[in-house]
1. Within region 60-94, track down each residue that is under 23 Å from the mean Cα position of the chain (by Cα) and β-branched (Val, Ile, Thr).
2. Across region 223-268, which residue is surrounded by the most Cβ atoms within 10 Å (Cβ to Cβ) among those that are touching a residue at least 24 places away in the same chain (Cβ under 8 Å) and β-branched (Val, Ile, Thr)?
3. How many residues are open to solvent by 20 Å² or more (accessible area, probe 1.4 Å) and part of a strand (DSSP E or B) if we restrict to region 526-564?
4. Let me confirm something: among ASP98, ASP117, ASP112, which residue is open to solvent by 50 Å² or more (accessible area, probe 1.4 Å), charged (D, E, K, R) and farther than 20 Å from HIS60 by Cα?
5. Check SER509, SER461 and return the single one that is surrounded by 21 or more Cβ atoms within 10 Å (Cβ to Cβ), modelled with pLDDT under 75 and either acidic (Asp, Glu) or under 22 Å from SER317 (Cβ atoms) (or both).
6. Quick one: in region 111-131, of everything that is aliphatic (A, V, I, L, M) and either more than 10 Å from PRO301 (Cβ to Cβ) or not in a loop (DSSP other than H, G, I, E, B) (or both), which residue is nearest to the chain's Cα centre (by Cα)?
7. Just one of (1) surrounded by fewer than 24 Cβ atoms within 10 Å (Cβ to Cβ); (2) out of contact with any Asp or Glu (no Cβ under 9 Å at 6 or more places or on another chain) trips up ASP297, so point out which.
8. For region 205-238, which residues satisfy the criterion of being part of a loop (DSSP other than H, G, I, E, B) and either farther than 24 Å from LYS264 by Cβ or at pLDDT 80 or above (or both)?
Amino acid sequence: MLLQLVAALLTAAVGWLTWYAYGVYQKGQLLSGMPGPPRRPGLLNFVLGNIPDLAGSQNHFVQKQWSRQYGGIMKLRALDTYIAVVADPLIASELLRDKTLDKSRHAYQMLDAIFDDKGHSGLLTSQMTPHWRATRRAVASSLSPQSLRTSFPKIRGVVDRLVQTLMSLGPVTPVDMDLMCAKLSWDIIGLVGFDTDMGATQLSEQGQDASSGVIATVRAGMKEIEMRFVQPFRHNVWRHIFPSARAGHRNLKKVHVLVRGLLKKLRQVDPESLGNTVAGQLLRMIDASTGKPLSDDVIMPEIATMFLAGFETSGHSEAWTLYLISQHPEVEERILQELAQHELMPGPHGAGRAIRLEDLSRLTYLNCVIKEALRLYPAVPAVDRIAPRDMHVGGYFIPKDTLFWIHMYTMQRLASVHEDPDAFRPERWLEPSYVYATSTAPKAALPLQASSDSSPGIAGSESDESWEDLGRNTPAIAEPVELSLRPKRWIPFSEGPRSCVGRALADMSMTGTLATLLARFHFRLADKMGGPEGVHQSEEVAITLAPSHGLLMHVEPRHPSTTA
């Protein structure tokens, strides 16, 4: 009897493996014309596909190398899922702007674990359901350039507080500017989005702040999510076996406690008093399915999305920009000249003129520097979309349910897209039309053949609107309507209906922050970082593109007696 049972199990196992192998083969045949890297040899890698090559935290280096070898669209396989990796700007723009293509819930549901402890999804991870559209409209209204006009004094106040903190720390001991910029973003999001001062940029009398542990916990939680992408059984099997997986699970629980604590405080406030903030909009929203205000379980992932996704992306971007400037004194000198031209440089006996909202679009060269930094270090290296039907993309047949992986990091570092792609050259952006793309694919392979778009529009999401749009009559940033429809070679905020809803806040914060910090400090990379090569080797992807051990820099006041 036992032998019969064993034989039956073996037969079933062989049958499943045969069925699995045939399914993989069949899908592979449909994509056989598309180039891509081979899997490693061995039976295990036959099952895993390209997963072993992507398992490390520096898989963006691997992706870049592959795309340089195989072109602007290539195929990968992860288990039985085939992935079309896109690094061609024309194809990427077509896919991102197509409202019938949505995110893959299978891929993004892993992210839900950091935003919510009950399996709910938010703006970042949900598909484009009616609830998602309503939430997007509400949040986009709060974060539009027009709404943010009144928030700029809050942003300036937080930046001034960071200036005071950096002054008190002095130039001798290296400061982790990646952490400092994360604290800054944490406070800005708290004040602008939730009318709450998180106090991250405020040092206590002991020289400490309560946020460092919180931010470390959040980052550890995000690292755990990244690990789950390449270890599918980590959350439900490995955490019962391996200490590192258990620690990651505990960190996620701590993040949930943090977010629920903030929500509890917000519930004690009259929603009307919160005005047009993100918190005010969410607390006043009515659930169409119940006719009642949104429940805590529904609001929690939205709050978490704004905080956790927002502070990491902006913080890393500001830190990477400061690092690049520190390695190019000629760029720093040109920025200082521009700041002086607009009377934003402090003198030895006092602060310069306080930066104003209208200054942001006038700092042409600084904005070029930021664009170039975001080209080299996009905060989110890649996004995905799922094929809702059989399609022809880039000259290749794409079967339904194929996963598109649109890799901005790779695209923005290809020689076929940008001349001298690994060089930091802000002046390339002085030509306004430089943002528009030409393809890396053969001309005959360009069109995206898909059904016509009949999906409804999403308020506040189709355009790539930022605070710069408030000054479109400025010659340096003027953009004719017909040009704005062209595909772009620079998409660090993504584009289309699922572009970054917080772009205007990120733009406003980055320009205002960097202008203020650079006017007051010279940033010098600490020897502990190992120079540019050490920084390069420290790059890692933990959902966002980050320096794995921070960015240690000496912060040297230009005029030690100057205050914010």
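1. Within region 60-94, VAL62, ILE73, ILE83, VAL85, VAL86, ILE91 meet the criteria.
2. Going through the qualifying residues, I end up with VAL255.
3. 5
4. From the options ASP98, ASP117, ASP112, the qualifying one is ASP117.
5. Only one candidate passes the filter, namely SER461.
6. Per the criteria, the residue is LEU111.
7. Only one criterion in (1) surrounded by fewer than 24 Cβ atoms within 10 Å (Cβ to Cβ); (2) out of contact with any Asp or Glu (no Cβ under 9 Å at 6 or more places or on another chain) is unmet by ASP297, namely (2).
8. Within region 205-238, GLU205, GLN206, GLY207, GLN208, GLN231, PRO232, PHE233, ARG234, HIS235, ASN236, VAL237 meet the criteria.
The values are calculated or read from the model by the stated rules, or taken from the named source; none is laboratory data. No experiment lies behind these values; they were computed from the predicted model shown. Note that each Cβ is placed from the backbone with ideal geometry, even for glycine, and that neighbours are counted across all protein chains shown. Ligands, DNA and RNA are stripped out before the accessible areas are found, and what is left, the full protein with its side chains, is counted by its heavy atoms. Shrake-Rupley method; radii C 1.70, N 1.55, O 1.52, S 1.80 Å.
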